[in-house]
Amino acid sequence: MALKKVDVVIVGVGWVGGIIASELTRAGLHVVGLERGRLRGRGTADFQDDHDELRYAIRNELFQNTANETWTLRHNLGEAALPIRQLGSFLPGTGLGGAGVHWNGQTWRFHPRDFTAYTSTVDRYGKSAIPAGMQIQDWGVTYDELEPYYDKFEYMAGIAGKAGNIKGQIIQGGNVFEGPRSREYPVRAQQTTELGALFQKAAQQLGYHPFPGPSANLPVQYKNPDGITRGQCTYCGFCERFGCEVGAKADPTTTVIPVALKTGRFEIRGYSNAYAIKNDGKHGQSVLYFDAAGKIQEQPADIIVMAAYVFNNVRTLLMSKLGQPYDPATGQGVVGRNYCYQTGGGGASGWFTGRRFKRYMGSGALQTAIDDFNADNFDHSGLGFIGGGSITSGSTGARPIQSLTTPPGTAPFGRDWKVAIQKYYASVISVGFQGESPAYQTHALDLDPNYRDQYGNPLVRITFDWEANERKMIAFAGTKTLEIMKAINPDIISGGPGSLPAHYDTSTYQSTHNTGGAPMGADPGTSVVNSYLQMWDVPNVFVVGACNFPQNAGFNPTGTVGALAYRAAEGILKFHKSGAGLV
Ligand SMILES: Cc1cc2nc3c(=O)[nH]c(=O)nc-3n(C[C@H](O)[C@H](O)[C@H](O)COP(=O)(O)OP(=O)(O)OC[C@H]3O[C@@H](n4cnc5c(N)ncnc54)[C@H](O)[C@@H]3O)c2cc1C
Ligand code: SF4
């Protein structure tokens, strides 16, 4: 028997679910949140023992368990997809707060050009600049339209940074390439570290424009507009893959979720694994899920919100037969279209002899950046690729297991390795690049025909590989990071023209920046949702997250995900008021 109907049911309670719940409950709606994981991390008590690198970073305490549910991967349409049995390339979260609990906090806005990637590329370089098979498209929303929602996310989360463009006025010391902001960041930028200062000086010498990376790790105490106060970062260095024991890292469990719970109108059900939306093709009626006992439950609601990250947002639509499934062979259909990732590589490292930095301290988003080679901030004529990425040097804290690097030629174990670790642990600097991931007709998500999860439902099948455009971009990036490293002038340098592996490899961590599959847009023929993240075909279903990106930009995604969540909440409230149709 179905449970009592509510105004809204949200599937997944991470950043997206938490933001939407806080906005809707404060507007008076009754909301149920279905979260497949446990209800951890309300406050910080859950993370008192979290400097355990083996438990969290290596044995993956906080992430999705691939024994219960995983993905299959093939590199092209002709290959047989095989299950990813161990976490590696990406680490989706599970449990209250989602990956927002164990992210780094690097909180970027995309460039105005990113939202019009197709039109801007054609306008500047002509149609022939877009390689055959590439399927980049405009977002159906502009940067200017999204700016108020970026602002709202940043003020809620207390993002620390330095503006480079306020209402069109360029400000040196901030990111001079960014789109116009309506006002300064809510919190002053984190202080530059000694390593950051080396990068900054070298970049300036070369004529580039360094600035402090925007961070969700608070350098000072901050009270947000919702009345939530969080304390300052201790620079413990255990950000990425860990919860923050002092609450300095913005996380849904310490910001938006308590605000929603305080209204008394938000009920969160843990261990509730949703798998389908019951519908009649025009209207979503309820969400079907397995409860903690493995029993099927049905939660009816007037409005259904999918906030279960890229893979399960898309999987649930496909399982529910909502929207036209995408066919990568023909390019027809929409659900599963334009799966993208983040193109990493092309970094450089340098080791000093006899110079030691405080590498044991740091925070997940403590970095100095340049944006000179991102998006279309540089002339691509004759380069043979489109797009770009951000170049950064981070002081994220060097933990004792995963942060040990040695110069090229060092033995990988034994006495010589130990001597090198001792000598170089505190003496290394790195310069990294993370780049765009354009969409291609053949890169997609669908339901795997062979492999199933713990409940017997099909896994998501990923079809993805690196293409020539990204290979050229990474080779180019490698020359830039090496140029900067040479200007920093350490005693030993490793780097050079970057390269990507022969195929996309899931065994080593790259980023949890999976995007696409339910792209937003202005054309129902090429997008799943409109600019309020509302399904074209089924207006009472909203699908929200990085799944909405038509292709991925050269920055981390969550600033944009947060902005989209606030915009979706506004759209849901409009829809609730009008009672029908597209907003
Ligand atoms: C190690 C790491 C570091 C990162 N660092 C950064 C960074 O510095 N900057 C940045 O911009 N981004 C970063 N990210 C990415 C960032 O965490 C995500 O973009 C963000 O958390 C996405 O929020 P979300 O709410 O869309 O999804 P999630 O945080 O994944 O939340 C989705 C929730 O849905 C739940 N769920 C999934 N399926 C179901 C289902 N079937 N039924 C019920 N519930 C379900 C999940 O358990 C989860 O709690 C990082 C990610 C990781 C893992
Ligand atoms: S580095 Fe700072 S923000 Fe990150 S976990 Fe430690 S105290 Fe929290």
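No value in this document is a laboratory result; all are computed from the given coordinates. The structure displayed is predicted, hence computed values, not measured ones. Here the Cβ positions follow ideal geometry from the backbone for every residue, glycine too, while neighbour counts run over all protein chains shown.
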If the chain between ALA67 and THR234 were fully extended at 0.36 nm per residue, the gain over the current Cα-Cα distance would be 56.6 nm
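What does the highest-first list of 326-338, 486-498 look like by mean Cβ count within 10 Å?
Descending packing order for the listed peptides: 326-338, 486-498.
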Between segment 489-540 and segment 50-68, what is the separation of their alpha carbon centroids in Å?
24 Å
Spread of Cα-to-Cα distances over 5 Å intervals beginning at zero, given as percent, for segment 87-240
2, 8, 13, 16, 16, 17, 15, 9, 4, 1, 0
With Cα coordinates, the longest principal axis of the chain makes an angle with the long axis of helix 468-488, in degrees rounded to 10, of 40 degrees
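To make sure I understand, if each residue's beta carbon is the centre and we count other beta carbons within 10 Å, what order do TYR309, TYR155 fall in, fewest to most? If you can, show how the numbers build up before the last one.
Working: TYR309 25, TYR155 17.
Final ranking by Cβ density, sparse to dense: TYR155, TYR309.
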With label points set 7 Å from each Cα along the Cα-to-Cβ direction at ALA580 and GLN86, the distance between them in nm comes to 5.6 nm
Taking Cα atoms, the helix 15-26 axis meets the longest principal axis of the chain at an angle in degrees (rounded to 10) of 50 degrees
Over segment 297-337, what portion of Cα pair distances is larger than 18 Å, expressed as a whole percent?
33 percent
Can you compute the charge dipole magnitude of the chain about its Cα centre, using +1 on each Lys and Arg Cβ and -1 on each Asp and Glu Cβ, nothing else charged? Give it in debye, rounded to the nearest 20.
1060 debye
Counting only residues 5 or more places away or on other chains, whose amide H sits under 5 Å from the amide H of GLY237 once H atoms are built in the peptide plane?
GLY362
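Taking the highest mean first, how do the peptides 531-539, 75-83, 543-551, 420-428 order by number of other beta carbon atoms within 10 angstrom per residue?
Working: 531-539: 22.1, 75-83: 13.0, 543-551: 29.0, 420-428: 16.6.
Top of the packing list down: 543-551, 531-539, 420-428, 75-83.
How would segment 1-155 be classified by its alpha-carbon gyration tensor: rounded, prolate or oblate, with rounded meaning a/c under 1.5 and the a/b versus b/c comparison settling the rest?
Working: a/c = 1.76, a/b = 1.27, b/c = 1.39.
Oblate is the answer for segment 1-155, as a/c is 1.5 or above yet b/c matches or exceeds a/b.
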What base-10 log of the normalised intensity I(q)/I(0) is obtained for segment 355-480 from the Debye formula, alpha carbons as equal point scatterers, at q = 0.11, 0.14, 0.15, 0.19 Å⁻¹?
-0.67, -0.89, -0.93, -1.01
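Full extension from ARG124 to ASN457: what is 0.36 nm times the residue separation minus their Cα-Cα distance, to one decimal in nm?
Numbers: separation 333, 0.36 × 333 = 119.88 nm, distance 4.58 nm.
My answer for the length gained is 115.3 nm.
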At 222 nm, what value in deg cm²/dmol follows for the chain if DSSP H runs of at least 4 each add -39500 (n - 2.57) and the sum is divided by all its residues, to the nearest 500?
-6500 deg cm²/dmol
Let me know the whole percent of all Cα-Cα pairs from segment 152-255 that are separated by more than 24 Å.
30 percent
Per-bin percent of Cα-Cα distances, segment 449-560 [10 Å]
11, 26, 31, 19, 9, 3, 0
The chain: angle of helix 143-157 to the longest principal axis, Cα-based, in degrees nearest 10:
80 degrees
Using alpha carbon positions and the Kirkwood radius, the Rg to Rh ratio of the chain is 0.95
Cα-based reach from LYS278 at 27 Å (exclusive), listing lysines while leaving out same-chain residues under 8 positions away
LYS4, LYS5, LYS295, LYS321, LYS574, LYS577
Mean Cβ count within 10 Å, highest first, over the residues of peptides 406-417, 109-120, 183-194
109-120, 183-194, 406-417
